[in-house]
Amino acid sequence: MTAPDAIIGISALDDYVLLGDAGLAMAMVSAGAKHLVDLRGETTPPRLPVPIEHFPIMDLEPDQDELILQAATRVAALADSGVRVGVYCQAGISRTSTVAIAYLLLGGATLADATTAVRTVRPQA
């Protein structure tokens with residue numbers, strides 16, 4: 001398995017969650033992701049040789065808390081079952097980071113700690 005940091009642009013949030021942009025979906029699979037979560041509301045997921053779940057979040061739009069929570073809950077369920085999952089949106093900055101923070105909150109992190117953790121591995125967040 002390729003280390004995620006060996007592929008420019010992929011960020012390992014923890015042992016089970018990889019973060020990136022849409023162009024890195026297959027690279028996340030190469031880095032060990034067995035499942036992908038596509039957060040782009042403006043398009044449909046590509047056809048790739050791994051399962052992809054789609055949570056159509058629109059970039060920088062309000063009132064999407066429920067969909068963000070659903071995506072984070074699904075990422076947590078996959079990670080909790082030992083499945084490495086790649087999470088991405090178009091640029092891998094706003095939606096990806098938001099869902100990653102929500103995932104960490106579900107695991108018991110404080111908002112400050114979750115935000116710091118995401119920004120540490122993904123400074124562009």
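Taken together, the values in this text are just the output of simple stated rules run on the coordinates, not laboratory data. Just so it is clear, the model here is predicted, and its values are computed rather than measured. Virtual Cβ from ideal backbone geometry, glycine too; neighbours counted across all protein chains shown.
Restricting attention to segment 20-37, does a residue exist that is basic (Lys, Arg) and touching a residue at least 12 places away in the same chain (Cβ under 8 Å)?
Yes; the residues of segment 20-37 include at least one that is basic (Lys, Arg) and touching a residue at least 12 places away in the same chain (Cβ under 8 Å).
Name every residue in segment 36-49 that is not in a loop (DSSP other than H, G, I, E, B) and not charged (D, E, K, R), in order of residue number. Passing the criteria: 36, 37, 39.
With respect to (1) touching a Leu at 6+ places or on another chain (Cβ under 6 Å); (2) among the charged types (D, E, K, R); (3) more than 19 Å from residue 9 (Cβ to Cβ), the lone exception for residue 113 is condition (1).
Would you confirm, using the coordinates I've provided, whether residue 33 is part of a loop (DSSP other than H, G, I, E, B), buried (at least 19 other Cβ atoms within 10 Å of the Cβ), aliphatic (A, V, I, L, M) and touching a strand residue (DSSP E or B) at 6+ places or on another chain (Cβ under 9 Å)? Answer is yes for this residue. Out of 117, 100, which single residue is within 10 Å of the chain's Cα centre (by Cα) and among the aliphatic types (A, V, I, L, M)? The match here is 100.
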